[in-house]
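**Q** My questions all concern the structure below.
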Amino acid sequence: MKTADLCDRFHEELQICQPIFQSFGGRQRFSGRIATVKVLEDNVLVREALETIPPGSVLVVDGGGSKNCALMGDRLGGIAVSRGLAGVIINGCVRDSAELSEMDLGVLALAPMPLKSRKEGKGEREVPVEFGGVRWEPGHYVYADEDGVVISPREGTL
């Protein structure tokens, strides 16, 4: 179901994300169960999450909105594809955008940035995070398409 249709039918139970993202992945429409990571200019936990969350999940990365470095590129995108993840939503930047655009993966981020992140392993996993005017709860469901991003406490079909 399209996000517009979900909003028409269920708007009272959905959170509707502000339109802050650009699409970088080869998949424009994606949905799945939310897993979260909260980091700042460090992508070690992003990689760990991509390697361990269940197939079909959407990894939501709160990078604090930093545009100082990229939190994901083609290598991490490749891990997500190989593990069957639906997508990655990043409150931060990506790099290798040409390669990401050819992957069967939904990727939303604020902007492209060629500089890689630090590798210190600092941050948190599976905690609620807030950005885009919504609260991203681990275990809730996200639906993304050309019209936007919505969050639901329950699963549906996109």
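The values are calculated or read from the model by the stated rules, or taken from the named source; none is laboratory data. Fair warning: this is a prediction, and the values are worked out from it, not measured in the lab. Here the Cβ is made from the backbone with ideal geometry for all residues, glycine too, and neighbour counts use every protein chain on show. Surface accessibility is based on the protein's heavy atoms, side chains included, excluding ligands, DNA and RNA. Shrake-Rupley method; radii C 1.70, N 1.55, O 1.52, S 1.80 Å.
**Q** Looking at Val107, Val94, which is the one that is touching a Pro at 6+ places or on another chain (Cβ under 7 Å), touching a residue at least 40 places away in the same chain (Cβ under 8 Å) and either over 16 Å from Val142 (Cβ atoms) or surrounded by 20 or more Cβ atoms within 10 Å (Cβ to Cβ) (or both)? Don't jump to the end; show me each part of the working.
**A** On the way: Val107 fails: touching a Pro at 6+ places or on another chain (Cβ under 7 Å).
The unique qualifying residue is Val94.
**Q** Also: Looking at the range 139-151 only, could you name the residues that are open to solvent by 20 Å² or more (accessible area, probe 1.4 Å) and under 12 Å from the mean Cα position of the chain (by Cα)?
**A** Correct list: Tyr141 only.
**Q** Next question, about the same structure. What pairs can you find where one residue is in the range 1-24 and over 19 Å from Trp136 (Cα atoms), the other is surrounded by 18 or more Cβ atoms within 10 Å (Cβ to Cβ), and their Cβ atoms are less than 6 Å apart, with a gap of 6+ or different chains?
**A** Met1/Leu158; Lys2/Asp145; Phe24/Val94; Phe24/Ser97; Phe24/Leu100; Phe24/Val107; Phe24/Ala109
**Q** So Leu158 ticks every box in (1) of a type outside the set (Asp, Glu); (2) in contact with a helix residue (DSSP H, G or I) (Cβ under 9 Å, 6 or more places away or on another chain); (3) modelled with pLDDT of 95 or more but one. Which box is left unticked?
**A** (3) is the only condition that Leu158 fails.
**Q** Then there's this: List every residue pair whose Cβ atoms sit under 8 Å apart, with the two residues 6 or more apart in sequence or on different chains, where the first one lies in the range 57-85 and is closer than 13 Å to Glu99 by Cα and of a type outside the set (D, E, K, R) and the second, anywhere, is open to solvent by 30 Å² or more (accessible area, probe 1.4 Å) and in a strand (DSSP E or B).
**A** Filtered contacts from the range 57-85: Gly73/Lys116.
**Q** Failed condition for Leu71, given (1) at negative phi; (2) surrounded by fewer than 24 Cβ atoms within 10 Å (Cβ to Cβ); (3) of a type outside the set (S, T, N, Q); (4) not in a helix (DSSP H, G or I), with all others met?
**A** (2)
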